[in-house]
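Here is the structure we will look at.
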Amino acid sequence: MISILLATYNWPQALKLCLESLATQTDKNFEIIIADDGSTESTKQVIDSFSGSHPTAIKHLWQEDQGFRKTKILNQAINAAHGDYLVFLDGDCIVQPDFVARHRELAQKGYLVTGSRILLNESLTQELLTWSQWSFQKFSSGLLGKRFSGGINKYWPLKIKLGNGSWRDYKKFVWRRIKGCNMACWKADAEAINGFDETMTGWGHEDADFVFRLQHHGITRKSGSWSTEVLHLFHKINDQSNAAENARRVREKILAKAL
């Protein structure tokens, strides 16, 4: 079974769309573990409403809001997961109906997958947030128009899906295109490196650190582009005051392993 580890923080309207998109999956053999970094009651209400009307197994893990501590709550989610394969997703992302199926197709022992995203602009995001329910079919109508108007920053990855293959493999660690909002690995591999580094607090690069340590552990990174794209809702940039320090710490680990 696949466990979707869904990170969220105080954006219940976006989380509702994300959960509704997960409910439309063609591959239904998965559970949802919500890793909640201190959201208020409105987020719990969205989760309770969803779980009450959908058969998908869902568990809500919550920790007190003490600043950005995504690494800590994700480690709790890893521990709570029943699946042997973990797909990391953020609550500000909407998934395509074949998202789980595509991740399952790319899953391979000794590998991790880093997926990609399609960015939505502010006006399209605001429009989607007014929908009473998510519909990929409705969203897909007029895709070219959305691309030309700047509503989405990519078109072809929504129309063309490519399968597995060695061309997806990275030969070495590359910082680019690591997005914690869409990546996957085996639970045993995540546990072998003790999950995320909980000393990394504040927004930024905890995902790159996780991928680097998995690769150093002997896991090969595979690109999930042209297969697993998620729709990333527009939002203002988070507080990045810790980003430079987190990046420095990751670079130090990379240099230390190279010596």
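The values are calculated or read from the model by the stated rules, or taken from the named source; none is laboratory data. Source: prediction; values computed, not measured. Ideal geometry is used to build each Cβ from the backbone, glycine not excepted, and the neighbour counts take in all protein chains shown.
Observations
- Any hit, the range 80-94, residues being buried (at least 18 other Cβ atoms within 10 Å of the Cβ) and either free of Cβ contacts under 8 Å to residues at least 60 places away in the same chain or part of a helix (DSSP H, G or I) (or both): no
- Filter result (in a strand (DSSP E or B), under 19 Å from Leu233 (Cβ atoms) and among the hydrophobic types (A, V, I, L, M, F, W, C)) within the range 1-31: Ile4, Leu5, Leu6, Ala7
- Any hit, the range 93-102, residues being of a type in the set (Phe, Trp, Tyr) and modelled with pLDDT under 95: no
- When Val174, Val113 are screened for being hydrophobic (A, V, I, L, M, F, W, C) and buried (at least 21 other Cβ atoms within 10 Å of the Cβ), only Val113 passes.
- Qualifying residue in the range 218-241 (condition: in contact with a helix residue (DSSP H, G or I) (Cβ under 6 Å, 6 or more places away or on another chain), of a type in the set (Val, Ile, Thr), at pLDDT 95 or above and buried (at least 22 other Cβ atoms within 10 Å of the Cβ)): yes
- Residues located in the range 96-155, provided they are in a strand (DSSP E or B) and either out of contact with any strand residue (DSSP E or B) (no Cβ under 9 Å at 6 or more places or on another chain) or not hydroxyl-bearing (Ser, Thr, Tyr) (or both): Leu112, Val113, Arg117, Ile118, Leu119, Leu120, Ile152
- Evaluated against (1) out of contact with any Pro (no Cβ under 9 Å at 6 or more places or on another chain); (2) surrounded by fewer than 20 Cβ atoms within 10 Å (Cβ to Cβ), Ser42 falls short on exactly one condition, (1).
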